[in-house]
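Structure, as structure tokens:
The values are calculated or read from the model by the stated rules, or taken from the named source; none is laboratory data. Computed from a prediction, not measured in an experiment: that's the story for all the values here. Heads up, the Cβs are rebuilt from the backbone with ideal geometry, glycines too, and the neighbour counts pull from every protein chain shown. For the accessible areas, the whole protein counts, side chains as well, though only heavy atoms, and no ligand, DNA or RNA atoms are used. Shrake-Rupley method; radii C 1.70, N 1.55, O 1.52, S 1.80 Å.
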Amino acid sequence: MNKRKRPITAGHVIFEVFFILSYPFIAAFSVAVTVLVWIFSLPSRLVALFSRK
């Protein structure tokens with residue numbers, strides 16, 4: 001069976017560009033969330049560290 005190739009439209013090109021560009025934003029967002037969680041958990045870690053001594 002012959003597969004018909006879909007015509008490339010402007011919307012298709014825009015979607016591809018946004019799809020490719022979204023990966024760095026997703027990575028930056030996950031890094032930011034990780035750093036924020038680490039920063040907010042730091043005081044409780046320090047309290048636990050000093051309460052053990």
Explain nothing, just the number: dipole magnitude of the chain about its Cα centre with +1 on each Lys and Arg Cβ and -1 on each Asp and Glu Cβ, in debye rounded to the nearest 20. 240
Got a sec to turn the phi values of region 36-49 into Karplus ³J(HN,Hα) couplings, 6.51 cos²θ - 1.76 cosθ + 1.60 with θ = phi - 60°, whole Hz, x for Gly and Pro? 5, 4, 5, 5, 6, 8, 4, x, 5, 5, 5, 4, 5, 5
I'd like the accessible area for Ile20: 1.4 Å probe, protein heavy atoms, all chains in place, Å² to the nearest 10. 110
In sequence order, calculated HN-Hα J values of region 13-23 (Karplus, 6.51, -1.76, 1.60; Hz; x Gly/Pro): 5, 5, 4, 4, 4, 5, 5, 5, 6, 6, 4
Most to least accessible of Ser51, Ser30 (protein chains only, probe 1.4 Å): Ser51, Ser30
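Take the solvent-accessible surface of the protein heavy atoms, probe 1.4 Å, and return the percent of it on the chain that carbon and sulfur atoms account for. Write down the numbers at each step before the final one.
Details: 4200 of 5550 Å².
Summing carbon and sulfur atoms, their accessible area is 76 percent of the total for the chain.
Calculate for the chain the 222 nm mean residue ellipticity that helices alone would give, adding -39,500 (n - 2.57) per DSSP H run of length 4 or more and normalising by residue count, nearest 500 deg cm²/dmol.
Details: 1 runs with 43 residues, N = 53.
Helix-only estimate at 222 nm: -30000 deg cm²/dmol.
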Across 10 Å bins from 0, what is the distribution of all Cα-Cα pair distances for the chain, in whole percents? 19, 21, 19, 15, 12, 8, 5, 1
Label points 7 Å out from Cα along the Cβ direction at Tyr23 and Val35: separation in nm? 2.2
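Rounded to the nearest whole Å², what accessible area per residue is found for the chain with the 1.4 Å probe? List each step's numbers first, then the result.
Working: 5550 Å² over 53 residues.
Heavy-atom SASA per residue in the chain reads 105 Å².
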